[in-house]
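Since the structure comes first, as structure tokens, the remarks are kept for the end.
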Amino acid sequence: MSIVKINVLEVPAEQREVLEKRFASRAGAVENSDGFEWFELLRPVEGTDQYLVYTRWRDEAAFQAWMEGPMKAAHQQGRPGGDSAQGEAPQGERPRPAASGSTLWSFDVVQQAAPKQS
């Protein structure tokens, strides 16, 4: 079965809009990757400043290929892409991070369900 990677981003309230704009502009950064299955950016509602970046992959090898390829390239170029959480910066400089911290959680999918089709 699939694997799930959840990037937990600590995002101060004043950086939320920056983070969300960065992810909105990243269209195609992960969707065309081999083995990619799903993406969601989850905004906290109450009690935390942690955004969750949920991605699901066919297997660990597909995730690692994306990490070492498209995601790494996007971060080295200093432009938004993948799980980038960069803020605004002067021309030619790398944008400052919108997130003040990041933790990656990893899970194996052991059960799943979908709505019944009528």
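Tabulated data
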{"quantity": "Residue satisfying all of: in segment 1-57; free of Cβ contacts under 8 Å to residues at least 12 places away in the same chain and within 17 Å of residue 96 (Cα to Cα); surrounded by the fewest Cβ atoms within 10 Å (Cβ to Cβ) among these", "calculated": "14"}
{"quantity": "Subset tally (residues that are part of a loop (DSSP other than H, G, I, E, B) and modelled with pLDDT of 90 or more) for segment 10-29", "calculated": "2"}
{"quantity": "Sole exception among (1) modelled with pLDDT of 90 or more; (2) in a loop (DSSP other than H, G, I, E, B) for residue 84, by number", "calculated": "(1)"}
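The values are calculated or read from the model by the stated rules, or taken from the named source; none is laboratory data. All figures in this text were calculated on a predicted structure; none of them were measured in a lab. All Cβ positions, glycine included, derive from the backbone under ideal geometry; neighbour counts span all protein chains shown.
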